Amino acid sequence: MKLKYLLLAILAFAVLSCNCKNESVSIIKTDVPERPAGQQSVIGLTSEPMQTVRIGVVGLGMRGEFAVQRLTFVPGAQITAICDIEPDRTQRSRQWLVDNGHQEPACFSGEQESWKGLCERDDVDLVYICTDWLNHANIGLYAMEHGKHTAIEVPAALNLEEIWALINTSERTRKHCMMLENCVYDFFEMNALAMAQKGLFGEIVHAEGSYNHNLDPFWDEYWHSWRLEYNKTHRGDVYPTHGIGPVCQALNIHRGDRMTTLVAMDTDAFNGPRIVESRGEEPCPDFKNGDVTCSLIRTVKGKTILIEHDVLTPRPYSRMYQLVGTDGYAAKYPVNQFCLRENLSAEANSIGKEKVLVGDAAKELQAQYNAAILTPELEALAKKVGGHGGMDFIMDYRLVYCLLNGLPLDMDVYDLAEWCCVSELSRISIENGCVPVEVPDFTRGEWDKVKGFTYAL
């Protein structure tokens, strides 16, 4: 804990320094390319309602195989095509669909770019992308160019170049480009968001999120160890979206506020080289990803966000989800708890002590604040079908529901951009002595057009 608060103090000093009047303080600027002529924002984008959402799934590994099965339980969804570079994976999902009474899908496999055939089909409305990270953006771009909506697993883009390409293509083609960030649909996060929107915590001034998950048991699950290879060669927070997604919704990012400045730092790579050698591979003394990476972000309205990444230490799993408000606090890890002010005085400058709610008291409070989209029937079905406790199913359900009804999606391409940009911006900050880096305005000036995050119903 001491290390965490020392890092916080240093990061806070750096971010606050960049907002002072000292002209000598440097900040690394980032470009916001001018929107191409004829292109328009996709904030609030809708498409024609559909009777059925015909889905092609690309990538049938850990995420994709279960996504195929899970999507068959979503009303209005139909799997019409599947693809994986490994033919046996494609065959396994094909057989599961047939054995469970579903239409036999068109199958693509065997080649590095077999997915192009899937994207070109007339019976696919949505391309659902679950490949390794390196292929996410390329497939999404190709799919939109061929008239398809896209849903891309996290992280949907690895750098600013990919981010701007996805934004521009979505704006030009008028096709949805959504990142499959499941953690915004976890039950606690939706519950705390509803509380925040009702004003229970006062004004949210700070939020925290992370991906702290020891991946030692999972490295071999990734095809050709691609995830460990990526960590070998990339510095910064390479997987920020699970932590930042839910807190950005609570802070109304590009719905009344926006991120302006990021500063990051990391530890040395203590465990990475050891993990590589323990697997019998060639020594890797230049392992890039530090054991722990911390990023601190400031917004236009003076709010702050702390994001952490740690997949290399044995620390217990945590997404560190916290909302800190002027009158209350919510935290999910290590235990669910809320903290609210009580005995508020009528005097303007007088505030009361806090009351901490855990266990049954926390559950009683939560029962009073339900997410607008979460009916008892949907919650029960989500928990039955599963997917990280049900949040994956709710994510799929909402995506298909909005497409069926011609509604704006819960997450747009600007959410994708803002949540993914932490990867490259944190690297830039770290490699330049942990200096502040400007966060681009991916909406190109329209971050205050919508007032507050809402679900389309």
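Take the chain with all the other protein chains still there, run a 1.4 Å probe, and you get 42 Å² of accessible area per residue. The listed residues 133, 223, 447, once ranked by accessible area (1.4 Å probe) with the largest placed first, stand as 223, 447, 133. One equal scatterer on each Cα of the chain, no solvent, Debye formula: the resulting log10 I(q)/I(0) at q = 0.06, 0.07, 0.12 Å⁻¹ is -0.26, -0.35, -1.09.
Quick check: at a probe of 1.4 Å, how many percent of the accessible area of the stretch 319-451 sits on carbon and sulfur atoms? That fraction is 50 percent. With the cut-off at under 12 Å, measuring from each backbone N in the stretch 160-182 to a point 7 Å along the Cα-to-Cβ line of residue 30 picks out 160-164.
Relative to the Cα centre, the charge distribution of the chain, modelled as +1 at Lys and Arg Cβ and -1 at Asp and Glu Cβ, gives a dipole magnitude of about 1080 debye.
Think of it as helices only: each DSSP H run of n ≥ 4 in the chain is worth -39500 (n - 2.57), and spread over all residues that comes to -10500 deg cm²/dmol at 222 nm. In loop segments of the stretch 222-295 as defined by DSSP, the GluC sites (Glu not before Pro) with at most 14 further C-beta atoms inside 10 Å of their C-beta are 281. Please identify the trypsin sites (Lys or Arg not before Pro) of the stretch 173-244 that satisfy two criteria: DSSP loop assignment and at most 10 other Cβ atoms within 10 Å. Which are they? Sites meeting the loop and neighbour criteria: 198. Just add up the charged neighbours of residue 88: K/R +1, D/E -1, any other residue whose Cβ is under 14 Å from the Cβ of residue 88. Within the 14 Å Cβ shell, the charges total 0.
Can you list which of the trypsin sites (Lys or Arg not before Pro) found in the stretch 350-382 are DSSP loop residues with at most 14 other C-beta atoms within 10 Å? Here the sparse-neighbourhood loop sites are 353.
The values are calculated or read from the model by the stated rules, or taken from the named source; none is laboratory data. The shown structure was predicted, so the numbers you read here are calculated from the model rather than taken from an experiment. Because the Cβ atoms are built from the backbone with ideal geometry, glycine has one as well, and the counts that use them run over all protein chains shown. The area values use the complete protein model at the heavy-atom level, side chains included, leaving out ligands, DNA and RNA. Shrake-Rupley method; radii C 1.70, N 1.55, O 1.52, S 1.80 Å.
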